[in-house]
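*Asks:* There's a structure below that I have some questions on.
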Amino acid sequence: MKSFFGILTFFAVISLTAQNNTVPTVDLKKPDGTIVSSDSILNNGKPIIISFWATWCKPCVKELTTFAEVYEEWQEETGVKLYAISIDDSRTFPNVASFVNGRDWPFDVLCDPNADFKRAMNVNLVPHTFIIDKDRKIVWQHTSFTEGGELELIDLIRKLNSGENINE
Amino acid sequence: MNKFFTAALLIMSMTSVAQNVLQNAQIHGDFQTDFQYYMADSAIGADTIPEKLLSNGYLNLMFSAGNFSAGIRYENYNNVMLGFDPRYKGSGIPYRFASYSHKDFDITVGNYYEQFGSGMLLRIYEERSLGIDNSLDGIRLRFKPYKGIYLKGVIGQQRFFFDKGEGIVRGIDGEVNLNELNDKWSGSKLRTTIGGSFVSKYQPDKNPIYKLPENVGSWAGRITLNYGNWMLNSEYAYKVNDPSTVNKMIYKPGEALFASLCYSQKGLGITLSAKRIDNMNFRSDRTVTGNALTMNYLPALTKPHTYTLLAFYPYATQPNGEMALQGQLNYKIKKNTTLGGKYGTDIAFNYSRANAIDMQKVNDSTALMQPGTLGYKSDFFAIGDELYFEDVNIEVSHKFNKKLKGIFTWAYLTYNSDVIEGHTDGTFYSHIGVADITYKITPTKSLRLEAQHLMTKQDKKNWANVMLEFTMAPKWFIMAGDSYNYGNPVKSKKLHYYTFGFGYTKNSSRIALTYGKQREGIVCVGGVCRNVPASYGLLVTITSNF
C-alpha cells in the first residue's frame, strides 16, 4: 500500500507541471479491417470531434444520427471534422461497415475492437465525446447524450475557432 | 513488482532528461464507483444482504512522456456488488504496466490487453460491467518490420481476481496487408490482408486419473478481402486436445470457423455471417469455470438487444459446440419520399439462429461425452437437430417532424432455456414489441416514452413495460418506469418492477441514482448503457475522468 501512495505522490507532482493531454497513439481499424494509427485522426489544424459509440448503444446511435443531420452545416461553418470510434468487439465488428453505410453517415468511422483507444482515452461509458484543438490537445469532453446536446457542442467549437479557452 | 515500478519512476525523475520529460509529461485517468443500498424483497427474490451496502470502485492513473508510458489501476470491492464473482474481495492494484515505443517497435511489461485476429484463440480484455478482467501479466512486444507487416508476441500469466492463474500463456501473431506491402498493389481494387497466430499454454499435470497435456498448442489463420463494395472476412482456428472441467474431460481437439460477407453502398448494408464452434473453451487453467482465466473470445452471433423486455432472453455462446448464422440488413429510405418523409427512415432487419453441432458416438462401446475418451465424432458441415436460439427482428427509425421521432421494434425470439441456462423449463417462444418515442419540448428539453410488450405462453407469461424520461441537455435527466408481469398465472406473482432514476452530468463527470427493483439485463437510462444484476434498492453510479 505504501508504494501505491508513493506512486500517487509522483502523479500529483507531475500533474502540477502537466499540460493538456494530447491524443494518444494507438492502432485502430477501419471498418474494412485494415490497421490504421490514431495519428491519422487529422484535420489540417481545424478542430476535431472524437465520439465513442457502439452499434448496440441506443443513445450513441441517436447522437450520431443527430450529428449526421447537421454535419454538412457544421463543416461549412466551422471546418470541424468528426471521427466516430466504434467500440464494437468481434461480436458486432463485422456489422459496423454495413451499419454505417446503411445509415449513410457522412463522417469518418474507425473501430477499436479490443478497447485499446478507449482505455488510452480513459473512457468509462459510451457515448463519450471529445473536442480536439489544432495542437491535438483534448480541450473538452462529455459523457452521455441527451436531445439538444449537439447545440452545446457546436457552440464550443465556434468558441474554440474564435480563440476562446473552452477548458473547464 | 511494485517496487520495480516505484524505482523506475524515481530514476526517471532524477535523471538529467527529467526536466525535459516533465515538460512533456501528461497525467490522465478515470474513476468509477458504483454502490448500492440493498433492501430485501422476498416476492422478487431479493435476499437480505448482511452488509446492507456493497460497492465496486476503480481508479486508473496513467502517465506518459514522449515514448514512455506507465499506469496503474486501483480496485476496491467492499464488498463486491451482487451479480459479480465474490472472489473479487478487498482491494489492491491488479493492473500496472510500463511501456516504451520507438518508431516501429514497442514493448510493454506488466499487465496488458491484447487480441489476435477475431479473438478465437486469444482475447485478453476488460469488461468491467461483466466483472471480466483476464489481463496478462508479463511481456508483450509489437514490431512493424516493414510497411504492411505487423508482428506481436506475448508471454505471461493471467489475472485471477487479486492473484494470478497457474498457467503460462505464450503467443505470436502476424498480419500482412498485401496492398501496403507492395507498391504495385497499392492501387489495386482488390485489397487483401492475411494473418496467422500460434498460441500455447502450459499447466502442470497433477491429475491422479488422467494423463493430461501440459502444453496445449493452437493455431489460427485468417483473411480479409475487400473488392469495391464487397468485404469477405474469415478465420479458422484449431486447438489440440485439452481436457477440462468445461468440456467434461474429453480428449477431442477443438476447432472453430467464422466467416462473414458484407455488401454495402450509400444507404444499404448487408452482412451475412456464419460460424461453427466445436470444443473451443480455452483457459489458462483447465479446472476453472465461469468467466475467469478465459484466453479466447467466442461471441454470440446474435444482435445485442438493449430494451428491457427485448433483453429478457439473451443468448450466450455454447463453447462446447454450436453452429450459428446471422443476417443483417440496414436500409435508409431516402428523405422527401412517401415512406421516407422529410427526414428519411432507417430500417434494420436482423435474423440469427444457433443450433447444436452434429454429434455421433466414437464407437459402440463408448458413451457420448464419456470422460477420458474422444467424447464424440462430428461431421463438420452437418447441423445438429437441437435449436438453441433464434431471433427475427426489425427496427424502424423515423423522424416525423422537428419535434417528434420514434424507433419501433418487433422481434420473435426462440430461446432454449435448457441449453442456455441449464434448466429444465423447455423452450420459450416470445413476441416483443417496443415503441421508443422522443418529443422535443424545446431545443434542449425532451420527453421520451418507451412502451414495451412481451407475449409468451411459456416461462412467466406476458410482460408490459412503460418508461418515461425527461432530459435537459446537456446536464440533467429524470425518469420513472415499471415492468409489470401482468400475465403471470399465479396472482401473487403478478409483480411490478418499478424504477425511478435521476442523473447529472458535468462534462466528463456523471452521477446517476436509481431506486427500485431491477431484473438482470442491459439497461440504458439517461444516455448511457450498462449491465445490471437483479436487485432491489438504491444504486448510485459516479464516473469521472481527467
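*Asks:* Quick one: which of A:GLY6, A:GLY45 is part of a loop (DSSP other than H, G, I, E, B) and at pLDDT below 95? It would help to see each step written out before you state the result.
*Replies:* Details: A:GLY6 fails: part of a loop (DSSP other than H, G, I, E, B).
Selected residue: A:GLY45, the only one of A:GLY6, A:GLY45 that is part of a loop (DSSP other than H, G, I, E, B) and at pLDDT below 95.
*Asks:* Go through the stretch B:480-512 and give me each residue that's open to solvent by 60 Å² or more (accessible area, probe 1.4 Å) and away from chain A (no Cβ under 14 Å).
*Replies:* Within the stretch B:480-512, B:TYR484, B:TYR486, B:PRO489, B:VAL490, B:LYS491, B:SER492, B:LYS493, B:LYS494, B:HIS496, B:TYR498, B:PHE500 qualify.
*Asks:* Also, I was wondering about something else. Say we look at the stretch B:91-108 and pick out the residues that are of a type in the set (Ser, Thr, Tyr) and open to solvent by less than 40 Å² (accessible area, probe 1.4 Å); which of these is nearest to A:ASN122 (Cα to Cα)? Before the answer, list the steps.
*Replies:* Of all residues in the stretch B:91-108, those of a type in the set (Ser, Thr, Tyr) come to B:91, B:95, B:99-101, B:108.
Still in the list and also open to solvent by less than 40 Å² (accessible area, probe 1.4 Å): B:95, B:99, B:108.
Details: B:TYR95: 15, B:SER99: 17, B:THR108: 18 Å.
Ranking the qualifying residues of the stretch B:91-108, first place goes to B:TYR95.
*Asks:* Hey, another quick one. Which of the residues belonging to the stretch B:300-316 are within 14 Å of chain A (Cβ to nearest Cβ) and of a type in the set (Phe, Trp, Tyr)?
*Replies:* B:TYR307, B:TYR315
*Asks:* Further question on the same structure: Across the stretch B:350-375, which residue is least open to solvent (accessible area, probe 1.4 Å) among those that are of a type outside the set (Ser, Thr, Tyr) and either without any contact (Cβ under 8 Å) to a residue 12 or more places away in the chain or at the interface with chain A (Cβ under 10 Å from one of its Cβ atoms) (or both)? Break it down stepwise before answering.
*Replies:* Our first condition is that a residue be of a type outside the set (Ser, Thr, Tyr); within the stretch B:350-375, this holds for B:350, B:353-364, B:367-372, B:374-375.
Those still in the list that are either without any contact (Cβ under 8 Å) to a residue 12 or more places away in the chain or at the interface with chain A (Cβ under 10 Å from one of its Cβ atoms) (or both) too: B:350, B:363-364, B:367-368.
Working: B:ASN350: 1, B:ASN363: 68, B:ASP364: 149, B:ALA367: 51, B:LEU368: 82 Å².
Top of the filtered list is B:ASN350.
*Asks:* Looking at the stretch A:110-117, is at least one residue without any contact (Cβ under 8 Å) to a residue 60 or more places away in the chain, over 23 Å from B:THR543 (Cα atoms) and either within 7 Å of chain B (Cβ to nearest Cβ) or in contact with a Phe, Trp or Tyr (Cβ under 6 Å, 6 or more places away or on another chain) (or both)?
*Replies:* From the stretch A:110-117, those without any contact (Cβ under 8 Å) to a residue 60 or more places away in the chain are A:114-115; that's our starting set.
If we keep only those that are over 23 Å from B:THR543 (Cα atoms) as well, we get none.
No, the stretch A:110-117 contains no residue that is without any contact (Cβ under 8 Å) to a residue 60 or more places away in the chain, over 23 Å from B:THR543 (Cα atoms) and either within 7 Å of chain B (Cβ to nearest Cβ) or in contact with a Phe, Trp or Tyr (Cβ under 6 Å, 6 or more places away or on another chain) (or both).
*Asks:* May I pose another question? Kindly indicate which of B:TYR74, B:TYR58, B:TYR88 is open to solvent by less than 20 Å² (accessible area, probe 1.4 Å), assigned to a strand (DSSP E or B) and among the hydroxyl-bearing types (Ser, Thr, Tyr). Step through it out loud before you land on a result.
*Replies:* Details: B:TYR74 fails: open to solvent by less than 20 Å² (accessible area, probe 1.4 Å); B:TYR88 fails: assigned to a strand (DSSP E or B).
When all the criteria are applied, what remains is B:TYR58.
*Asks:* Further question: Quickly run through the stretch A:142-168 and pick out the residues that are open to solvent by less than 30 Å² (accessible area, probe 1.4 Å) and either basic (Lys, Arg) or within 10 Å of chain B (Cβ to nearest Cβ) (or both).
*Replies:* Those that are open to solvent by less than 30 Å² (accessible area, probe 1.4 Å) and either basic (Lys, Arg) or within 10 Å of chain B (Cβ to nearest Cβ) (or both): A:HIS142, A:THR143, A:SER144, A:PHE145, A:THR146, A:GLU147, A:GLY148, A:GLY149, A:GLU150, A:LEU153.
*Asks:* May I pose another question? Within 11 Å of chain A (Cβ to nearest Cβ) and open to solvent by less than 20 Å² (accessible area, probe 1.4 Å): is that true of B:TYR112 in this structure? It would help to see each step written out before you state the result.
*Replies:* Values: within 11 Å of chain A (Cβ to nearest Cβ): yes; open to solvent by less than 20 Å² (accessible area, probe 1.4 Å): yes.
Spelling it out, B:TYR112 is indeed within 11 Å of chain A (Cβ to nearest Cβ) and open to solvent by less than 20 Å² (accessible area, probe 1.4 Å).
*Asks:* Within the stretch B:225-275, which residues are basic (Lys, Arg) and either at the interface with chain A (Cβ under 8 Å from one of its Cβ atoms) or open to solvent by less than 10 Å² (accessible area, probe 1.4 Å) (or both)? Even if it seems obvious, please write down each step before you answer.
*Replies:* Pass one, the stretch B:225-275, residues basic (Lys, Arg): B:239, B:248, B:252, B:266, B:275.
Scanning the stretch B:225-275 gives B:LYS239, B:LYS266.
*Asks:* Has the stretch B:196-205 got any residue that is without any contact (Cβ under 8 Å) to a residue 60 or more places away in the chain and touching a Cys at 6+ places or on another chain (Cβ under 7 Å)?
*Replies:* No, because not a single residue in the stretch B:196-205 is without any contact (Cβ under 8 Å) to a residue 60 or more places away in the chain and touching a Cys at 6+ places or on another chain (Cβ under 7 Å).
*Asks:* Here's a follow-up. For residues in the stretch B:441-479 being of a type in the set (Phe, Trp, Tyr) and surrounded by 18 or more Cβ atoms within 10 Å (Cβ to Cβ), which is farthest from the other protein chains (Cβ to nearest Cβ)?
*Replies:* Applying the first criterion (of a type in the set (Phe, Trp, Tyr)) to the stretch B:441-479 yields B:463, B:470, B:476-477.
Pick out the ones that are also surrounded by 18 or more Cβ atoms within 10 Å (Cβ to Cβ) and you get B:463, B:477.
Numbers: B:TRP463: 20, B:PHE477: 6 Å.
Selected residue: B:TRP463.
*Asks:* Could you run through the stretch B:286-299 and say how many residues are more than 7 Å from every other protein chain (Cβ to nearest Cβ), part of a loop (DSSP other than H, G, I, E, B) and either buried (at least 20 other Cβ atoms within 10 Å of the Cβ) or under 17 Å from the mean Cα position of the chain (by Cα) (or both)? Break it down stepwise before answering.
*Replies:* Kept after step one, since they are more than 7 Å from every other protein chain (Cβ to nearest Cβ), are these residues of the stretch B:286-299: B:286-296, B:298.
Right, trim to part of a loop (DSSP other than H, G, I, E, B) and you get B:286-293, B:295-296, B:298.
From what is left, the residues that are either buried (at least 20 other Cβ atoms within 10 Å of the Cβ) or under 17 Å from the mean Cα position of the chain (by Cα) (or both) are B:286, B:290-293, B:295-296, B:298.
Of the residues in that region, 8 qualify.
*Asks:* Also, quick follow-up: Mind telling me which of the residues A:VAL70, A:VAL36, A:VAL61 ends up being within 11 Å of chain B (Cβ to nearest Cβ) and assigned to a helix (DSSP H, G or I)? Don't jump to the end; show me each part of the working.
*Replies:* Details: A:VAL70 fails: within 11 Å of chain B (Cβ to nearest Cβ); A:VAL36 fails: assigned to a helix (DSSP H, G or I).
None of the others qualify; the one that does is A:VAL61.
The values are calculated or read from the model by the stated rules, or taken from the named source; none is laboratory data. As the structure is a prediction and not an experimental result, all values here were calculated from the model. Cβ atoms come from the backbone with ideal geometry, glycine included; neighbour counts cover every protein chain shown. For accessibility, only protein heavy atoms count, side chains too; no ligands or nucleic acids. Shrake-Rupley method; radii C 1.70, N 1.55, O 1.52, S 1.80 Å.
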